[in-house]
1. By count of other Cβ within 10 Å, fewest leading, how are L289, L375, L38 ordered?
2. Note the full-extension length gain between R17 and R454 as 0.36 nm times their separation in residues minus their Cα-Cα distance, in nm to one decimal.
3. For each of V538, V41, count neighbouring Cβ atoms within 10 Å of the residue's Cβ, then give the residues from fewest to most.
4. P(r) tail for the range 288-356, what percent of Cα pairs lie past 15 Å?
5. Could you work out the relative contact order of the chain? I mean the mean sequence separation of Cα pairs under 8 Å and 6+ apart, divided by the number of residues, in percent.
6. For each of D523, D241, count neighbouring Cβ atoms within 10 Å of the residue's Cβ, then give the residues from fewest to most.
7. Give the whole-number value, in cubic angstrom per residue, of the convex hull volume spanned by the C-alpha atoms of the range 231-281.
8. With only alpha-carbon pairs counted, each pair once and no self-pairs, how large is the Kirkwood hydrodynamic radius of the chain in angstroms?
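What follows is calculated from the coordinates using simple rules that are stated; it is not laboratory data. All values reported here derive from a predicted model rather than from experimental measurement. In this analysis, Cβ positions are derived from the backbone assuming ideal geometry, glycine residues included, and neighbour counts consider all displayed protein chains.
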Amino acid sequence: MEEPIPKKEAVDEWPGRKLAWALVALACVAVAWARWRLRGVPLERDEGEYAYFGQLILRGLPPFRLAYSLKLPGTQLAYAAIMAVFGQSAAGIRSGLILANAATTALLFILGRRILATLGGIAAALAFAFLSLEGAILGPFAHATHFVLLPAVAGLLVLLRGAERRSLGSFFASGLLLGLAFLMKQQGGVYLLFALAWIAFRRIRGNEGGRLVAEGITLLAGAAVPLALVIGWTLAGGSFDEFWFWIVRYGREYTTSPSIHYATDLFVQAASGIFEEGWFLWVLAGAGLLAAATSSGWAAGDRAFLLGLSAFSFLGVSIGFYYRPHYFLLALPAAGLLVGAFVRFSVERAGENRKRLVARLTLAAVAFGCVQTGLAQRRTLFELSPTQASRTLCGLNPFPEAPEIARYIASRTRPEDWIAVIGSEPEILFYAKRRSATGHVYAYGLMEPQPFARAMQEQMASEIESARPAYLVWVLMPVSWLMKATSDPWILGWAQAYVSRHYELVGEVEILDVERTAYYWDDSVAQAPGLAPNRLAVFRRRDFTPSPSR
């Protein structure tokens with residue numbers, strides 16, 4: 001028979017349930033307060049993508065109908081739901097993030113309490129909440145990885161309950177939640193893989209092959225439901241061909257990985273910044289990893305859960321070997337639980353008459369780590385303006401300029417007019433609340449050395465020519481294209497010829513440095529130097545009559 005999952009008791013019944021929840025709630029409030037102050041920071045590029053796609057969903061359009069993406073549409077749906085409640089603005093989207101982050105923190109406390117006792121659960125929740133706010137991990141932004149974590153942690157909690165109760169219904173529910181995590185972003189699939197591996201470990205160890213097959217199939221059946229619903233939606237909405245191309249055919253080409261040397265540099269660069277901001281909590285997590293690996297007194301299922309989740313989380317961070325900062329969010333539930341493992345290990349090793357003292361000291365150490373993490377980024381969290389915070393976290397990307405460009409276009413167009421952005425700035429489309437003349441809202445894929453690049457460029461050109469957009473924004477910034485020596489430049493030559501034939505320059509936005517941006521509109525556009533390496537040009541179609549400015 002399998003080893004039963006033991007019930008954990010709080011050390012000397014301290015802290016009690018009410019105090020434990022009060023501490024978790026206090027952490028949620030503290031983090032929410034910091035996030036609330038940053039709610040007005042301009043949307044960055046990924047957020048703009050999800051927000052624009054969410055707008056289209058709210059208009060009744062299925063995924064992939066008017067906009068293309070490599071990512072499954074779970075986060076787009078989450079954004080649509082958030083905007084339906086909190087409004088279509090950066091502040092509204094961040095309000096949804098605050099709730100999602102707080103819910104994930106609470107669920108991680110419950111999960112940690114089942115494995116690590118109450119004190120360990122508190123430590124896990126506190127560490128996760130503050131680490132998820134790190135600027136180096138792009139924590140203040142509503143990236144898809146935040147929305148992966150909520151159903152993933154919920155799914156793992158239901159998985160534990162299913163294993164304890166031997167309930168196939170719980171395994172189906174767990175699979176459903178883990179399938180939602182995958183739908184939010186493909187990297188979320190690592191949690192489903194972990195769940196299958198953990199089930200296999202327990203049932204093989206207990207010599208229960210029949211239960212392994214039944215639970216594994218049930219889990220996978222639940223996980224298939226969200227994806228099946230999306231496929232059905234695209235079939236009914238007539239966008240399945242686009243879904244298949246972007247998710248499957250082009251997705252296979254996109255997964256090419258960088259060299260080992262380059263990947264190592266990316267990892268060191270991202271990890272060093274993340275460790276620097278929350279170094280004390282990361283040290284405690286490392287100590288917890290060592291404790292979980294070496295503690296012979298823990299149940300094998302607990303150790304396997306902690307070590308396995310850590311390994312699969314790192315796998316999720318490492319998919320593609322690009323090590324983008326927000327990918328590290330996938331490791332935070334495991335990191336929080338490892339901090340809790342450190343607390344549990346320390347208390348268990350203390351003498352009987354010192355357990356309560358050690359419990360308080362270790363919890364104080366976790367609290368110190370939370371304070372240290374917050375103070376390490378106090379300038380961004382508590383001092384900088386929204387524009388300054390955007391520049392600090394995102395550099396010279398045109399995120400603060402996007403709302404002003406969008407306001408100019410929206411004030412001169414009608415909701416039914418088409419616009420185009422030649423570049424990778426979908427946030428402009430969102431702010432303007434106008435439909436894109438092309439489904440290619442990113443230029444990155446067009447510049448990659450992949451077999452579909454020319455066809456994608458020609459499709460973009462054809463869509464723009466057919467839609468005859470009223471306004472066109474040309475992003476003349478390297479960061480919005482990421483051209484390589486092997487990139488096909490065809491689209492740039494087409495754009496130059498097309499714009500010169502049909503459009504006139506009505507706006508020039510020049511990003512001079514982190515503190516200065518110059519705007520030139522209409523009559524003043526002739527005064528624009530046009531020499532800044534980071535600039536955006538706004539064009540109006542010659543035969544378009546703009547609406548009166550509002």
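1. With the fewest neighbours first, L289, L375, L38 line up as L375, L289, L38.
2. Details: separation 437, 0.36 × 437 = 157.32 nm, distance 6.06 nm.
Fully extending the segment from R17 to R454 adds 151.3 nm.
3. On the way: V538 24, V41 28.
Final ranking by Cβ density, sparse to dense: V538, V41.
4. Values: 1331 of 2346 pairs.
Beyond 15 Å sits 57 percent of the P(r) for the range 288-356.
5. On the way: 935 pairs, mean separation 95.3, N = 550.
Averaging sequence separation for qualifying contacts and normalising by length gives 17 percent for the chain.
6. By the 10 Å Cβ count, ascending: D523, D241.
7. On the way: hull volume 6.3 nm³, N = 51.
It comes to 124 Å³ per residue, whole-number rounded.
8. Values: mean 1/r = 0.0402 Å⁻¹.
Hydrodynamic radius (Kirkwood, Cα pairs) of the chain is 24.9 Å.
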